[in-house]
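Bear in mind these aren't lab numbers, they're just calculated from the coordinates by the rules spelled out. As the structure is a prediction and not an experimental result, all values here were calculated from the model. When we count neighbours, we look across all protein chains shown, and the Cβ atoms used for this are built from the backbone with ideal geometry, even at glycine.
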Amino acid sequence: QVQLVESGGGSVQPGGSLRLSCAASGSIRSINAMAWYRQTPGKPRGLVALITSSGITNYADSVKGRFTISRDNAKNTAYLQMNSLKPEDTAVYYCNAAILGAYATGIASHWGQGTQVTVSS
């Protein structure tokens, strides 16, 4: 059983910073891309940032220059460093990872439980 656990959410004032973590655990053979998505009420979940297994990154235009995604392959963990936060960054942030399980025959997409980020003065 593969599990993704997020941490690091919370409340911060505009201009502040937060760092989210996403740790994958269980019977894992390899992890391909890892990504962060976010969702606000009444809107679909949207991609914030993605990082491939080789370290190639991609960002939503709205967070370029402010957010940085990284990963530690030895720890099966992805991070999202969020700087210069704005009220419009308020959302539930979800981690996603494409994982080949130790006993699986193919890659499966896994989601974390979500962590709330609130940016407000």
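Here are a few things to note about the model shown:
- Separation between Cα centres of the stretch 66-81 and the stretch 1-43, rounded to whole Å: 9
- The loop-placed trypsin sites (Lys or Arg not before Pro) in the stretch 7-65, going by DSSP, that have at most 12 neighbouring Cβ atoms within 10 Å of their Cβ come out as 64.
- The stretch 70-109: C-alpha gyration tensor shape, a/c 1.5 cut-off, then a/b vs b/c: oblate
- At R0 = 30 Å, FRET efficiency that the Cβ-Cβ distance of residue 74 and residue 121 yields, to 0.05: 0.20
- Reachable aspartates and glutamates, given that their alpha-carbon falls under 20 Å from the alpha-carbon of residue 86 and they are not under 8 places away in the same chain: 61
- Spin-label pair residue 11/residue 103, simplified geometry with 7 Å Cα→Cβ offset, distance in nm: 4.4
- Sequence-distant aspartates and glutamates (8 or more away, or on other chains) whose Cα lies within less than 16 Å of residue 75: 6
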